[in-house]
Amino acid sequence: MKKLWNLTNRVDLFLTINIISWTVGTMILGLAFCAVTGMSIGESIVNLMCAAIYAGIIMGLFGGILFLMRREF
């Protein structure tokens, strides 16, 4: 996160990129897991999207806020 913060230096841009990165990363890992295990992607896409969105919110938003709070003080 430190590299991302040094790249952006703006809170709104940092949190947006962080949320999108965690969401896309989780979605890619979920799709790879489905491909490796032979699960039907069509049947589990809703669950994958839900997990990716939660990861984006929890790790991206709250993790980014905690990073910024720790960095400021």
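Looking at segment 6-41, which of its residues are over 14 Å from ALA51 (Cβ atoms) and surrounded by 18 or more Cβ atoms within 10 Å (Cβ to Cβ)?
Of everything in segment 6-41, those that are over 14 Å from ALA51 (Cβ atoms) and surrounded by 18 or more Cβ atoms within 10 Å (Cβ to Cβ) turn out to be PHE14, LEU15, ASN18, ILE19.
Listed by first and then second residue, the pairs linking a residue in segment 8-19 that is of a type in the set (A, V, I, L, M) to a residue that is buried (at least 17 other Cβ atoms within 10 Å of the Cβ), with Cβ atoms under 6 Å apart and 6 or more places separating them unless they lie on different chains, are LEU15/GLY64; ILE19/GLY56; ILE19/GLY60.
Within segment 40-61, is there a residue that is more than 9 Å from the chain's Cα centre (by Cα), touching a residue at least 60 places away in the same chain (Cβ under 8 Å) and part of a helix (DSSP H, G or I)?
In the first step, residues of segment 40-61 are kept if they are more than 9 Å from the chain's Cα centre (by Cα); the result is 40-51.
Of the ones still in play, those that are also touching a residue at least 60 places away in the same chain (Cβ under 8 Å) are none.
The answer is no; no qualifying residue exists.
No lab work stands behind these numbers, since they all come straight from the coordinates. None of the values given here were measured: they were computed from a predicted structure. Reconstructed Cβ throughout: ideal geometry from the backbone, glycine too, with neighbour counts over all protein chains shown.
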